[in-house]
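Taken together, the values in this text are just the output of simple stated rules run on the coordinates, not laboratory data. Here the structure is a predicted model, which means the values were calculated and not measured. We place every Cβ from the backbone using ideal geometry, glycine too, and count neighbours over all the protein chains shown.
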Amino acid sequence: MSDDRADRPRAVRYRDAHPTSRRRFRVIVLVMSIIVVAGLLVVGDLAIRAYAEDRVASEIESRLPDQVEGDVDVSIGGFSVVAQYLTGRFDDVRLVSEGVTVAGVPVEADITLNGVPVDTSQPVEHAEGAFSLDQDAVASLLASQGIDGAVTFDGGRLSYAADTLVFGQTLTVGFTATPSIDGGRIVFTPDDASVSAGGVDLDLDALFPVLAPEGLAICVAQYLPSAIALGDVAIADGRATVSLTAENLPLTESALRETGTC
């Protein structure tokens, strides 16, 4: 009966191995060590990123202006959060919210901050993004200013219809309006209108100051930090979307709670 051990390859100790084999072994160990360390760094960075995103979200939610409430989802861009933290600023931080309410009205927002400081006493270098409202939200905000009626979006314009009482007379008002930005307001300018009373057509130009003494507009600056400027507005896909920008946006609670005016 043959000895099976005689057919087995004999183990070679590292010190007895050929120099070429020893070098190959050292390279393998080095590569494996690098892979393990890289994996640990990636896992660690992901954990720190998640913690940082939660912390930023909590800070922002606690500093929202009055009448603005809701949850904010935060995502920190860039390769390594740790490396960005060590430089003192995060390259870009995206804020997304589909559940924020403004004066009880639902609003969707998507804003990107560039150059976000670790020290929140310092300002954000640049911010840009947009918020949007559906037709029901616009109707609610107009109603809060005394302009109560049915609002729909169609073809990039706002359509408005209402029966309103003026000087004891019921007027049937209907018009379409094009949106624009004027300072801190979204302004809706009528461009196709009809007003009638008892079947008689009336002059909208003469009655509009009575129907809407302050114009058909929504002051949105009163809900935003004063450092934020409105860009343009467009109606599409059932929503009115307003762009916004800011330079050197302060992050202190007092600054974020100081809203604009119209």
**Item:** Point-to-point label distance, Y85-T178, nm (Cα→Cβ direction, 7 Å offset)
**Value:** 5.1
**Asked** So how far apart, in nm, are the two label points at D191 and E59 if each is 7 Å from Cα heading toward Cβ?
**Response** 4.4
**Message:** What are the equivalent ellipsoid semi-axes of segment 219-262, built from the alpha-carbon gyration tensor (square roots of five times its eigenvalues), in whole angstrom, biggest first?
**Reply:** 23, 11, 8
**Item:** Residues R257 and T170, FRET efficiency given R0 of 41 Å [Cβ-Cβ distance, rounded to 0.05]
**Value:** 0.45
**Net +/- balance of residues flanking S243 in space, Cβ distance below 14 Å, scoring K and R +1, D and E -1** = -3
**Asked** D92 to T152: extension gain in nm, 0.36 nm per residue of separation minus the Cα-Cα distance?
**Response** 18.0 nm
